[in-house]
Amino acid sequence: MFAFWTTLLLLFLAVRGKEVCYVRLGCFTDDIPWAGTVERPIARLPWSPQEINTRFLLYTKKNLDDFQEITAIHPETIDYSNFNASKITRFITHGFIDQGEERWLSDMCKVQSF
């Protein structure tokens, strides 16, 4: 059993020290502080932005039923949207496993807080 855990530890240490870089985001390593800590014991590099496919869907009082997709890569999408920097902006993020396609996200955008 000791040999199994020793081998596993050596394999774990052998795959550490990798780095990945993404345009506009910078570089990430699988070393401390991103891994090898109590909070993040497993060394995993982040997925590419293309794999994650983060989307910013804007709902405002002017468009409660239909979102407007905005992106910093194409700033004109923000200019042509109903976004108003003088208004309060809130972000809703779904969980790690959820794909963001659930109806509850758009329903939550329609709830007004007082």
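In table form, for the structure just shown:
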| quantity | calculated |
| --- | --- |
| Accessible area (Å², 1.4 Å probe, nearest 10) - Trp47 | 130 Å² |
| Accessible heavy-atom area order of Met1, Met108, highest first, probe of 1.4 Å | Met1, Met108 |
| FRET efficiency for Phe56 and Tyr22, using Cβ-Cβ distance with R0 set to 22 Å, rounded to 0.05 | 0.80 |
| Largest to smallest principal axis extent of the C-alpha atoms in region 30-99, angstrom | 46, 24, 21 |
| Percentage relative contact order, region 43-99, counting C-alpha pairs under 8 Å, at least six apart | 22 percent |
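The values are calculated or read from the model by the stated rules, or taken from the named source; none is laboratory data. Quantities reported herein were computed from a predicted structural model and do not represent experimental measurements. Virtual Cβ from ideal backbone geometry, glycine too; neighbours counted across all protein chains shown. Surface accessibility is based on the protein's heavy atoms, side chains included, excluding ligands, DNA and RNA. Shrake-Rupley method; radii C 1.70, N 1.55, O 1.52, S 1.80 Å.
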